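Let me begin by presenting the structure, written as structure tokens, before commenting on it.
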Amino acid sequence: MEEIKDLLVSDTIVAPATPLGVGAIGIVRMSGREAAEIASRLFVSRCGRAVEDFVSHRLYLGDVFDPQTQEIVDEALLVVMRAPHSYTREDVVEFQLHGGPVVIQKVLQLILREGARLAEPGEFTRRAFLNGRIDLSQAEAVAGIVKARSEKALSLSLRNLKGEWGRKIRSWEDRLLSILALIHAHCDFLDEEELPLEAMEKELASLIGEIEKELSSGERLKLAQEGALVAIVGKPNVGKSSLFNAIVGWDRAIVTPFPGTTRDALEENILVDGLLLRLVDTAGMREGRDPVELVGVQKAEEYLEQADFVVVVLDQSIPLEKEDEVLAEKVRNKPHFVVLNKSDLFPQLNKSDVSLLYPGEEILEVSALQGEGIEKLLRKIGERIKAEIGPEDQTILITARQREGLKKALLSLVQARDSLREGMSLDVLGLDLEEALREMGRILGTQADKELLNTIFSQFCLGK
Ligand SMILES: Nc1nc2c(ncn2[C@@H]2O[C@H](COP(=O)(O)OP(=O)(O)O)[C@@H](O)[C@H]2O)c(=O)[nH]1
Ligand SMILES: [Mg+2]
């Protein structure tokens, strides 16, 4: 921890905390020793109170002005949040300005002229970490919240921000420390009683099991983080594009009565029950005619390969064809949904024939044209993804970095367990346990170095 404290600086930093576009308000945020003092040189409150005397966490209305020209730059609200009760645990000052890029730039320039330094991306959160307000897993949760593309990803990141992941790792650390303490005590008083080797091995095995479980459930959460890729496939003219349009809610794809209309794959993001779906409309699968269509079909095959879920569309107004059988074979090992489209037309194929291709599966009837059955299909897709992700209260969002660290810790623990079984010396065992602890410490940031922090915080946006 000594190392980490060395990385802490408390000079005053500033950055726009809202995007530099037009908005209702724009916020410029300062943190550091001189934040309040700098603000006092640029702001006069309507009530006449000096910035130094502002009640912490209270908004004051006033004018921002250029002290050199006395020119008023904007009417604004100012809030001072005094250390340690602030985001960074330092004095923080926020200007709530009118949200125009020129105003924000101007105020930023004034603050820089008065002695603050432009913050690096993520530097506010970095200070919150260095000042001990949050651990690294929480800092990464902040980035996760900002980047969240679905409610599910958001709620999982929020839980990590509350420290759930950190608590879990700390509990693993505690258990490892208990084993280490036994080993050290034994080494110090050699002739004392025997070590409970069997219990230690059991405890290690249980830790290994828990970490493995966490790693595998984290894998599934990628669906929540990055969204599920859902590809609509089928032979030409069955109504894939019509279904795609009906789902996204506007005429995104061209629909014609002519087979082979869709050549490129089209992708749209939609939210279903708080989940992000990357929905793809593909070219109809059939033997090649012209070269452009062939490329489209190839793309469709690729999407089918990559997709997390496939929606297979059949046209129930025409009899089954060979292509339907070929497709059924292709999606056999993929999570998929079978959809019988054109339910508004007179049926030429019956469901039992389709059931022969997809034994035991639910077959959904829809009419893309009339919007029948679409909601049910989406509900089914949502349910499947949720089932895949697993119950929310048991899963924890793990970043790629944390996953790497956890895998290394796991490896050391497996080694430790093996040496315990093989009766290796306690020193060897101890070293492996310490290595595992080090990796866990890196996840939480108790063992962080500058390079690690730079990698993590460089992914943040300016002003965060
Ligand atoms: N009656 C009816 N016609 C549909 C339905 N869905 C699509 N079609 C028609 O089928 C033809 C092909 O549709 P399209 O979406 O381009 O099929 P794709 O080639 O699979 O993308 C068009 O003339 C659509 O209007 C439906 O549910 N009912
Ligand atoms: Mg199409």
Margin query: Return the pair list, or none, for Cβ contacts closer than 7 Å from residues in the range 64-77 that are modelled with pLDDT of 95 or more and of a type in the set (Val, Ile, Thr) to residues that are part of a strand (DSSP E or B) and surrounded by fewer than 17 Cβ atoms within 10 Å (Cβ to Cβ), at least 6 apart or on different chains.
Written below: Ile72/Asp63
Notebook entry, point to check: Which condition number in (1) closer than 20 Å to Thr282 by Cβ; (2) at pLDDT 90 or above; (3) more than 16 Å from ligand 1 (Cβ to nearest atom); (4) of a type outside the set (Asp, Glu) is the one that Leu356 fails?
Noted result: (1)
Note to self: Of all residues being without any contact (Cβ under 8 Å) to a residue 60 or more places away in the chain, out of contact with any Gly (no Cβ under 8 Å at 6 or more places or on another chain) and part of a helix (DSSP H, G or I) in the range 97-153, which is surrounded by the most Cβ atoms within 10 Å (Cβ to Cβ)? Just the residue, please.
What the structure shows: Ala128
Notebook entry, point to check: Condition test on Ala185, is it out of contact with any helix residue (DSSP H, G or I) (no Cβ under 9 Å at 6 or more places or on another chain) and modelled with pLDDT under 90?
Noted result: yes
Check: Among Val51, Val92, which is more than 25 Å from Phe460 (Cα to Cα) and surrounded by 21 or more Cβ atoms within 10 Å (Cβ to Cβ)?
Finding: Val51
Check: Within the range 230-251, is there a residue that is assigned to a helix (DSSP H, G or I), basic (Lys, Arg) and within 16 Å of ligand 1 (Cβ to nearest atom)?
Finding: yes
Notebook entry, point to check: Quick one: what pairs do we get from the range 227-255, first residue assigned by TED's automatic domain parsing to the domain that holds Glu329 and free of Cβ contacts under 8 Å to residues at least 24 places away in the same chain, second more than 8 Å from ligand 2 (Cβ to nearest atom) and outside any loop (DSSP other than H, G, I, E, B), C-beta under 7 Å, 6+ apart or different chains?
Noted result: Asp251/Asn245; Val255/Asn245
Notebook entry, point to check: Which one of the conditions (1) part of a loop (DSSP other than H, G, I, E, B); (2) in contact with a Phe, Trp or Tyr (Cβ under 8 Å, 6 or more places away or on another chain); (3) under 23 Å from Pro101 (Cα atoms) does Gly21 fail to meet, given that it meets all the rest?
Noted result: (2)
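For (1) modelled with pLDDT under 95; (2) more than 9 Å from ligand 2 (Cβ to nearest atom); (3) touching a helix residue (DSSP H, G or I) at 6+ places or on another chain (Cβ under 7 Å), each residue gets a yes or a no:
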| position | (1), (2), (3) |
| --- | --- |
| Gly227 | yes, yes, no |
| Asp251 | yes, yes, yes |
| Val255 | yes, no, yes |
| Gly260 | yes, no, yes |
| Glu267 | yes, yes, no |
Checklist line | Matching residues in the range 25-55 - criterion: being over 35 Å from the mean Cα position of the chain (by Cα), outside any helix (DSSP H, G or I) and within 29 Å of Leu130 (Cβ to Cβ) | finding: Arg41, Leu42, Phe43, Phe54, Val55
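The values are calculated or read from the model by the stated rules, or taken from the named source; none is laboratory data. As the structure is a computational prediction, the values presented were derived from the model and not from experiment. Don't worry about glycine lacking a Cβ; one is built from the backbone with ideal geometry, like all the others, and counts go over all protein chains shown.
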